[in-house]
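Step one of this worksheet: look at the structure below.
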Amino acid sequence: MAGPMGTMIVTGASRGIGAATALLAGARGYAVAVNYRAERAQADAVVDRIRTAGGRALAIAGDVADESVVMNLFATAERALGPISALVNNAGITGPFGLIETLTAETVERVLAVNVKGSMICAREAVRRMSTRNGGAGGAIVNLSSKAAVLGSPNSWLQYAASKGAIESFTRGLAYEVAPFGIRVNAVQPGLIDTEIHASGGGAQRLADALPSVPMGRIGTAEEVAEAILWLLSPAASYITAATLPVSGGR
């Protein structure tokens, strides 16, 4: 049986913004499917924290770049936790830090496969289940964009910025397409957030270097992004769709 808010799937939820979102979702009454690719111990720890607090959660392994894996993720979550009411497309990678001269086709293909194809196929599976046209009860989707979509990430992660630009276009188009069928689709656009993604992509110094560009004068937290995501998914945002919400300290 799903939680009182239904079942939420959070992709890439073993750490960072995904983990913070899963934990907050559990606290807000969702049953949570905690998707992860490789970090099983961290995903299990998120699930344990949700269950210890009285919630329901399940860790489900799988790379969202693989369509068959995505289909299994949704089928498993629905079977174990109940009807899907929310999707957070959080799984994403930057690829290596560097200039365009060092960019490989393999990097471009992998970043687009995870960040864009993965999000689109996950959204497809969510819509198939949530759409009132298909007998569903409606629901909401939040896609993870980035300020990189606007700023372009020169000298660092052009491929990542381009993928997030695609996510913003996809968010708008999907929102228009499914609005008549009870589904809202929005995006959040995190700025400089204290997560492991910078170091894992080779840009460990990036947060400190970019801090002067943040009007609020500090780095954001994963929990602050999670609050924005949960708000967009909630009834408090019932008349909001096709929006991209910056969570960036004014950057």
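Throughout, read-outs are computed from the coordinates displayed, never taken from laboratory work. This is a predicted model, so every value here is computed, not measured. Backbone-built Cβ (ideal geometry, glycine too); neighbour counts: all protein chains shown.
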Requested in this report: Could you tell me which helices of the chain pass both thresholds, a Cα extent of 20 Å or more along their own axis and a mean Kyte-Doolittle hydropathy of at least 0.5, with helices taken as whole DSSP H runs?
Outcome: 67-81
Report task. For a footprinting-style exposure proxy, rank Met71, Met216 by other Cβ within 10 Å, fewest first. Result -> Met216, Met71
Requested in this report: Averaging sequence separations of C-alpha pairs under 8 Å and six or more residues apart, then dividing by the length of the range 7-247, give the relative contact order as a whole percent.
Outcome: 19
Report summary line: Residues meeting the amide H criterion for Thr244 (H placed from the backbone, H to H distance under 5 Å, 5 or more places apart or on another chain) are Ala187
Query raised in the report: Is the shape of the range 100-251 rounded, prolate or oblate, going by the alpha carbon gyration tensor and its root eigenvalues a ≥ b ≥ c, with a/c under 1.5 for rounded and a/b larger than b/c for prolate?
Result: oblate
Report summary line: Exposure proxy check on Phe97, Phe74: fewest-to-most Cβ neighbours within 10 Å is Phe97, Phe74
Query raised in the report: Any idea what the dipole of the chain comes to, in debye rounded to 20, about its Cα centre with Lys/Arg Cβ at +1 and Asp/Glu Cβ at -1?
Result: 560
Query raised in the report: Could you give the dipole magnitude of the range 1-71 about its Cα centre, charging the beta-carbon of Lys and Arg +1 and that of Asp and Glu -1, in debye to the nearest 20?
Result: 320
Report task. Obtain the nm distance between the two label points defined at Leu103 and Asp194 by a simple spin-label model: each point lies 7 Å from its Cα along the Cα-to-C-beta direction. Result -> 3.2
Requested in this report: Indicate the gyration tensor shape class of the range 41-107 (rounded, prolate or oblate), computed on the Cα atoms with a ≥ b ≥ c the square roots of the eigenvalues: a/c under 1.5 is rounded; otherwise a/b larger than b/c is prolate and the rest oblate.
Outcome: prolate
Query raised in the report: Which listed residue (Ala226, Val69, Gly82) has the Cα farthest towards the positive end of the charge dipole for the chain, taking +1 on Lys and Arg C-beta and -1 on Asp and Glu C-beta about the Cα centre?
Result: Gly82
Query raised in the report: Which shape class, rounded, prolate or oblate, goes with the range 1-79 when its Cα gyration tensor gives a ≥ b ≥ c as root eigenvalues, a/c under 1.5 marks rounded, and past that a/b bigger than b/c marks prolate?
Result: oblate
Query raised in the report: With Cβ to Cβ distances under 10 Å as the rule, what net charge do the other residues near Glu125 carry (K, R +1; D, E -1)?
Result: +1
Query raised in the report: Considering only DSSP states other than H, G, I, E and B, which chymotrypsin sites (Phe, Trp or Tyr not before Pro) in the range 150-251 qualify as loop sites with at most 13 other Cβ atoms within 10 Å?
Result: Tyr239
Query raised in the report: Where does the chain land at 222 nm, in deg cm²/dmol rounded to the nearest 500, when only DSSP H runs of n ≥ 4 count, each adding -39500 (n - 2.57), divided by all residues?
Result: -13000 deg cm²/dmol
**Report entry** Relative contact order (%) - the range 17-127, alpha-carbon pairs under 8 angstrom, separation at least six
**Finding:** 25
Requested in this report: Treat each spin label as a single point 7 Å out from the Cα along the C-beta direction, and report the Ser213 to Ser169 distance in nm.
Outcome: 2.2
Requested in this report: For each of Lys117, Lys164, count neighbouring Cβ atoms within 10 Å of the residue's Cβ, then give the residues from fewest to most.
Outcome: Lys117, Lys164
